[in-house]
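Have a look at the structure below, then the notes.
Derivation of every value follows stated rules applied to the coordinates shown; laboratory data play no part. Note that this is a predicted model, so its numbers are computed, not measured. Cβ sites come from the backbone with ideal geometry, for glycine too, and all protein chains shown count toward neighbours.
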Amino acid sequence: MVKRCTVPRSVERRRKRAIKMKNDVDNHILNISDFYAGKSIFITGGTGFLGKALVEKLLRSCPDIKEIFILMRPKKGMNVDDRLKKMLTLPLYDLVRETNPSAFDKIIPVKGDTAAEGLGLDPIERQVLTDRVSVIFHVAASVRFDDNLQYAVFNNTRSTRDICILAGSMKQLTALVHVSSTYAHADKPVVEETLYPAEVDWKRTIKIAENVDNNVLKTLTAKYMGPIPNTYTFTKKLAENVIADYSDRLPCVIVRPSIVISTMEDPIPGWVDNFNGPTGLMIGGGKGLLRISYADPDIISDYIPLDAAIKVIIIVGCKRGRVTVTKDPSTHVYNCASNNLTNISMGQLIALGLHLIQDIPLDNCIWSPNTKITRCPYYFYINVLIFHLLPALIIDQILKFTGHEPMLLKLQRRIYISNVSVSYFLFHQWDFRNNKIISLMAKLSGDDVKKFFFDYKNIHISNFFKDATIGAKKYLLHEDMNQLDKFRKYQNRMWWLDRICKTLWLIFFTWAFFSTGLYTYLCNTLNDLINSIFSDLPI
C-alpha cells in the first residue's frame, strides 16, 4: 500500500492565500488584511506620531500579520525594550489591549538610528530583516524646520538611501512605502501626484554633508537650497529623488501627507502626542501664552487627520505590493491631502480655537486667552515685546524670588522661534491635488471599507477641532475633564483681571500723557507744523 504524501497545513494556507491574491489582483480587489497576513513588517519612525498610529492600526485591522520590526534608538537612559513597553501603555493602544492583547507580542524592537550611516544596524539584526521582512514603511524623519543641513540630510535623505540599500537585499520584499510630505515641494503652488526632480543631486548632497565641516555648511545652506524655504522640505524632496532612482529595482510608493493633526475617530477621537501645527496654536492661546501670531489670516492650510493618513499609508502599501517591479517599475505617488474638501483659514482657526477654549478651558492659564493674528511684521514684533517678552521677564523674576525655577522666558522663546520658522507656510497657499487618493477610496469594497475607508467630506470642522482640543487636554496636558466648571471660574477671574489691568494701563497712559507735558508739546508741534504749511500759501 502506497502511503499518501500530505502537505503541511502552513504550506497549504500559503498556497491558498497566493491563489486568492492572484484572483484579487485580476479582479482589482485589494483585500488589505489578507495582503498583510503572514508578512513581516519593518517600520522606521515607529515611535513618532505617525509611527505609533501605524503600528496600532496594523495590529488591530490586520491581525494576521506575522511580526512588526520597529527601528528604535535608546533615549533618555532607556533601552529599546523599555521604550517600547512605555509606548504600548499609551491610550492609543487601549483598544488593542482590550480586544487582542497578545498582538503586542508581535512587535520586535530593533536597535538602530536613522541618523547613523547604514541605519546603525547590528549585522545580525540586519540579516534577520533581510531574511524575513516583506513590507517596509519608512516613516522616520526629522520634522524640525530649523535643523542644520547636515543633520537634516542624515535623517531625511541618507536614511532613505540606506533603507533602499537594505530593501535591495531583502529576499521577500513586496513593497517599500516612503512617507514624504506635500510640503516637500513648497516651491510649487500646485503639487500634482507625480515626481518632481530636485535642483541638486542627492548623492552629491550626502557627500557634502558627510565631508564638509558643519560650521562651513551652515554658511552655505541658504545658497545651496535655493528657493526651498528650509532644510526639512529640501531634504524630503531629495529623499523622493532617492526613491525614484531605486524604483526600477524596488517596489516603491511615495505617500505625501499634508499637515497631520489629531485622530478623527480611529481608534479614539482627538488623540495627539505633540504640540505641532494647530494643536500648539490652540494650547498656546488657551493657556494665555500666545497673544500674537504672525500669519496671513486669509491663508487656508491643508490639514489631514492622523487616522486618515495612516489608512492611506496602509492601503497604498497593499496596492503597490500587489504588482511586481518587473510589471510596473514606476514610482507611485499619492498626495494625502484634504485639498479643497475641508477649508478653514488661519483667522477662522484662531477664532474657532478661542471659542472652543471658552467651553473647554485649560488648567493653570497664566492670562485670559486672547490671540491676535497679524500679517504686519512690525505690529508682530511690538506685540511680542509688550505681551510676550516683558510679562515673561516679570513672572520669571517673581518665580526666581519665590524659590521656583524660571521657565516662562524659555517657553516664550520657543513659541517665538516656532512662529518665525513656520511663517513661510503661514503666508503661502498650495493646491495639493489628491485625485488618486479619492479614486483609491472609491474602489474599496467589502471588509476594506469598514476598516480603511475615509471620506474627506465627512470632516465637520467645528466638531473635529472640538475633539482635537479635548484630546490635547487629555493626552498632552493630562488635565482632568471632570473639573471644567472649576477651570471656567478660574478663566473668568483671569478675564476680569485682564480687563482691570487694561483699564489701569489706559488710566496711567492718559495721566502720563496729560501731566508730563507731552500733550502740550504735541499740540504746540502740530500747531507750528500747520502754521508753517499754510503760511506759505497765497491769500
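Expressed as a rounded percentage, what relative contact order does the chain have, with Cα pairs under 8 Å and six or more residues apart? Intermediate values should be presented prior to the final figure.
Working: 826 pairs, mean separation 81.9, N = 539.
Normalised by residue count, the contact order of the chain is 15 percent.
How large are Rg and Dmax for region 28-114 when only the alpha carbon atoms are used, in Å?
When restricted to the Cα atoms of region 28-114, Rg and Dmax are 13.1, 49 Å.
Dividing the alpha-carbon radius of gyration of region 347-417 by 2.2 N^0.38 Å (N being the number of residues), what value is obtained?
Taking N as the residue count of region 347-417, the ratio is 1.27.
Run a plain Debye calculation on region 249-397 (Cα atoms as equal point scatterers, no solvent) and give log10 I(q)/I(0) at q = 0.10, 0.14, 0.16, 0.21 Å⁻¹, rounded to two decimals, same order as the q list.
-0.50, -0.80, -0.94, -1.31
Dividing the alpha-carbon radius of gyration of region 137-179 by 2.2 N^0.38 Å (N being the number of residues), what value is obtained?
Details: Rg = 12.0 Å, N = 43, 2.2 N^0.38 = 9.2 Å.
That works out to 1.31 for region 137-179.
At what distance in nm do the modelled label points of F513 and Q483 sit from each other, each positioned 7 Å from its Cα along Cα→Cβ?
Each label point lies 7 Å from its Cα, and together they span 4.2 nm.
Using θ = phi - 60° and the Karplus relation 6.51 cos²θ - 1.76 cosθ + 1.60, list the HN-Hα couplings for region 100-114 in order, rounded to whole Hz, with x at every Gly or Pro.
8, x, 5, 4, 5, 5, 7, 8, 10, x, 10, 6, x, 7, 5
What percent do you get for the relative contact order of region 68-210 when only Cα pairs under 8 Å and 6+ apart count? Walk me through the numbers before you get to the answer.
Values: 139 pairs, mean separation 32.9, N = 143.
Normalised by residue count, the contact order of region 68-210 is 23 percent.
Going through region 132-162, which trypsin sites (Lys or Arg not before Pro) have at most 16 other Cβ atoms within 10 Å and a DSSP loop state?
Qualifying residues, ordered by number: R144.
Across 5 Å bins from the origin, how do the percents of Cα pairs in region 418-486 run, short distances first?
Reading upward from the zero bin: 3, 11, 11, 11, 17, 18, 14, 10, 5, 1.
Amide H to amide H under 5 Å from A175: which residues, 5+ apart in sequence or cross-chain, H placed 1.01 Å off N in plane?
I136
Which entries of K237/K436; K171/K203; K188/K410; K171/K457; K106/K474 show an alpha-carbon separation above 32 angstrom in the structure shown?
K188/K410; K171/K457
When you take every Cα atom in region 167-308, what is the radius of gyration, and what is Dmax, the widest Cα pair distance, in Å?
Just the Cα atoms of region 167-308 yield Rg and Dmax of 18.6, 56 Å.
Rounded to the nearest 5, what is the percent of antiparallel bridges among the DSSP beta bridges in the chain?
So the antiparallel bridges in the chain amount to around 5 percent.
Mind ordering 323-332, 265-274, 210-219 by average Cβ neighbours within 10 Å, highest first? Don't skip to the end; give the middle numbers.
Details: 323-332: 14.0, 265-274: 19.9, 210-219: 11.0.
Packing order, densest peptide first, comes out as 265-274, 323-332, 210-219.
When the Karplus curve 6.51 cos²θ - 1.76 cosθ + 1.60 is applied with θ = phi - 60°, which whole-Hz ³J(HN,Hα) does each residue of region 495-512 get, with x for Gly and Pro?
Per residue, the Karplus-derived 3J(HN,Hα) values read 5, 5, 4, 4, 5, 5, 5, 5, 5, 4, 5, 5, 5, 4, 5, 5, 4, 5 Hz.
Which three extents, in angstrom, do the Cα atoms of the chain have along their principal axes, listed largest first?
Sorted largest first, the three principal extents are 128, 55, 47 Å.
Quick one: Cα convex hull volume of region 465-522, Å³ per residue? Each step should come with its number before you reach the end.
Values: hull volume 7.0 nm³, N = 58.
Measuring per residue, one finds 120 Å³ for the Cα hull of region 465-522.
With the crude spin-label approximation of a point 7 Å out along Cα→Cβ, what separation in nm comes out for L522 versus N214?
Inter-label distance under the simple model: 5.1 nm.
Summing +1 for each Lys or Arg and -1 for each Asp or Glu, what net charge is found among the other residues whose Cβ lies under 15 Å from the Cβ of A472?
Numbers: positive: K287, K466, K473, K474; negative: D273, D359, D363, D467, E479, D480.
Net local charge, A472 excluded: -2.
Long-range amide H contacts for C336: which residues qualify at under 5 Å (H placed 1.01 Å from N, peptide plane, sequence gap of 5 or more or a different chain)?
Sorted by chain and number, the residues that satisfy this are R256, S258.
Rounded to whole Å and sorted largest first, list the principal axis extents of the Cα atoms in region 84-134.
38, 23, 15
Per the Kirkwood treatment, what hydrodynamic radius in Å, one decimal, follows for region 432-472 from the mean inverse distance over all distinct Cα pairs? Could the numbers behind the result be given before it?
Working: mean 1/r = 0.0829 Å⁻¹.
That comes to 12.1 Å for region 432-472.
If r is the Cβ-Cβ distance from D94 to I500 and R0 is 45 Å, what FRET efficiency results, to the nearest 0.05?
Values: r = 45 Å, r/R0 = 0.99.
Efficiency, rounded to the nearest 0.05: 0.50.
Taking R0 as 41 Å, what FRET efficiency do you get between I394 and D298 from their Cβ-Cβ distance, rounded to the nearest 0.05?
Details: r = 35 Å, r/R0 = 0.85.
After rounding, the FRET efficiency stands at 0.75.
What size of dipole, in debye to the nearest 20, comes out for the chain about its Cα centre when the only charges are +1 on Lys and Arg C-beta atoms and -1 on Asp and Glu C-beta atoms? If you can, show how the numbers build up before the last one.
Numbers: 68 positive and 53 negative charges, 376 e Å.
Dipole of the chain, to the nearest 20 debye: 1800 debye.
Can you tell me the FRET efficiency between M407 and K171 if r is taken as the Cβ-Cβ distance and R0 is 51 Å, rounded to the nearest 0.05? Write out the running numbers ahead of the final one.
On the way: r = 53 Å, r/R0 = 1.04.
Given R0 = 51 Å and the Cβ-Cβ separation, E is 0.45.
What is the Cα centroid distance between region 234-310 and region 459-538, reported in whole angstrom?
A separation of 32 Å, based on Cα centres.
Quick one: which residues, 5+ away or cross-chain, put their amide H under 5 Å from the amide H of I108? H built at 1.01 Å from N.
I68, F69, I70
Among V260, N274, F234, whose Cα sits farthest toward the positive end of the charge dipole of region 196-314 (+1 at Cβ of Lys/Arg, -1 at Cβ of Asp/Glu, about the Cα centre)?
F234
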